[in-house]
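Following: one structure in C-alpha cells, then a few remarks.
The values are calculated or read from the model by the stated rules, or taken from the named source; none is laboratory data. Please read all numbers here as calculations on a predicted model, not as lab measurements. All Cβ positions, even for glycine, are placed from backbone atoms using ideal geometry, and neighbour counts span all protein chains on display.
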Amino acid sequence: MAKITLPTLLLLLLTAGCSNNSGHTPVTGSPAGQKPANEEQKRVMTSTSPAKFSGEHAFTLLTAQTAFGPRNPNSAGHRGCLSYLVSTLRGLADEVRTQEFTHTGYGGEQLRLTNIVASFRPKDPARILLCAHWDTRPRAEQDETRGRRNDPIPGANDGASGVAVLVEVAGLLKNVPPSIGVDIVLFDGEDYGKEGDHASYLLGSRYFAEHKGGDYIPRFGILLDMVGDKFLELPKERYSLRYAPDVVAMVWKTAASLGVQQFHDETGEEIMDDHLPLNEAGIQTIDIIDFNYPDPTNRYWHTHQDTPEHCSAESLEAVGSVIASVVYAQVP
Ligand SMILES: [Zn+2]
C-alpha cells in the first residue's frame, strides 16, 4: 500500500463516480464509559472468547510465508506460497476457491495473479469479509542501499502479517464454527505498482470487487495490513472513518473491551490500500494498519529490513484476538 495525496483521493472518488460522503463525521471521541482494562479484566474478558487466538502460532504462519523468500508476482516464492496457502486453507475452511487473472507487468510480461477465497458457511446469506494481501513488493525503493532498491522485499510485515492472522482465525473457525458466513480473502498484486502509478496497485482487490456479483453483500469488511510490527500502534485510518465509521467504532470498542491497547483512539493517515475498491463497490470495509514501522520515519517499510525479527507474536495476537471477538459476536 501507499500513502496517498489529496489529488489522488479526489481522482479515486471521481473515477468511482461517488460524491463526497460528507454526512459522515469521523469518530474521534472516546467510547462512552470505556476505561482501560486492568490485568484482571483483560484475563477474564479474553477467557470468555469461544476460541483462543494464539499469537505464537500465528507467528509460525508468518515465518512459514517468509521462508518461501519474496512472494512478488511470477517469482518462485510467489508460486510456492500460493500452493502452501491454498492447501493450508483447504484443511480449515468449508470451501476454498481461487480467482486467477493476469496483469501486464512493467517489462511487458504477463503476471499470473491469484486471489484466494476461503469461506465458512458458504451458503449463509449473512456474511462478513476478512481480507489481507499475500503478495509482496517486487522492489525496495525505500531501502538505504541504492544498489538493492530493485530487489524484492521479504515482506514479513507488509504481506505476511495480515495473512498470518487470518489463517490463524481460519483455524479457530474450524474448531469453533461461526454463527454467520465468513469469507477470508487473500488478495494478490496489492503491492506491484511503482510509486505514483496507482493503477498498478490493488490489483487483486480491484479484480475481486469487479467480479463479486451483485448478490454478494457482506455486512462489512475488515482489511489487515502491516499488523505485525513489534511496536504496534493502530490509529483509525482516515478512509475507513470516511467510508465505514460504524465498523471502525465497533472494532475499536471491541479492542477497548478486551484491554488491547495497540488500538489507539486517534485518527491516522490516509492509506491507499485494498479497502478502497471494496468500499467503492459498496462493501463497507476498514483498514487496520500501522503505517509507522516502527516509527514515523518508516525505516522498514518497502525495505529489505521488513523481516520477521521486526515483527512479534504479541502484535499478531493483539489484532487476532480482536478479530476473533468481532467474528464470534456476529449473530444471524
Ligand atoms: Zn507495501
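Yes/no per residue for (1) more than 15 Å from the chain's Cα centre (by Cα); (2) modelled with pLDDT of 95 or more:
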site: Ser240; (1), (2): no, yes
site: Ala249; (1), (2): yes, yes
site: Gly259; (1), (2): yes, yes
site: Asp273; (1), (2): no, yes
site: Asn279; (1), (2): no, yes
site: Pro296; (1), (2): yes, no
site: Arg299; (1), (2): yes, no
site: His302; (1), (2): yes, yes
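Has the stretch 33-49 got at least one residue that is at pLDDT 50 or above, over 26 Å from Ala209 (Cβ atoms) and over 21 Å from the mean Cα position of the chain (by Cα)? Yes, the stretch 33-49 contains at least one residue that is at pLDDT 50 or above, over 26 Å from Ala209 (Cβ atoms) and over 21 Å from the mean Cα position of the chain (by Cα).
For Glu141, are the conditions met, namely being within 16 Å of the ligand (Cβ to nearest atom), among the charged types (D, E, K, R) and over 20 Å from Gln65 (Cα atoms)?
Values: within 16 Å of the ligand (Cβ to nearest atom): yes; among the charged types (D, E, K, R): yes; over 20 Å from Gln65 (Cα atoms): yes.
Considered against the rule, which asks whether it is within 16 Å of the ligand (Cβ to nearest atom), among the charged types (D, E, K, R) and over 20 Å from Gln65 (Cα atoms), Glu141 comes out as yes.
Could you tell me whether Glu314 is over 18 Å from the mean Cα position of the chain (by Cα), closer than 24 Å to Lys230 by Cβ and assigned to a helix (DSSP H, G or I)? Answer is no for this residue. Checking Val163, Val176 one by one, the residue that is under 14 Å from Leu92 (Cβ atoms), more than 13 Å from the ligand (Cβ to nearest atom) and surrounded by fewer than 20 Cβ atoms within 10 Å (Cβ to Cβ) is Val176 and no other. Within the stretch 148-160, being crowded, with 24+ Cβ neighbours inside 10 Å and either away from the ligand (no atom under 16 Å from the Cβ) or aliphatic (A, V, I, L, M) (or both) holds for Ile153, Ala156, Ala160.
Here the stretch 194-222 is the region considered, the condition is being within 13 Å of Met272 (Cβ to Cβ) and surrounded by fewer than 20 Cβ atoms within 10 Å (Cβ to Cβ), and the residue that is nearest to the ligand (Cβ to nearest atom) is Glu195. What tally of residues in the stretch 278-309 results from selecting those that are away from the ligand (no atom under 16 Å from the Cβ) and either in contact with a Phe, Trp or Tyr (Cβ under 8 Å, 6 or more places away or on another chain) or in a strand (DSSP E or B) (or both)? The total comes to 8.
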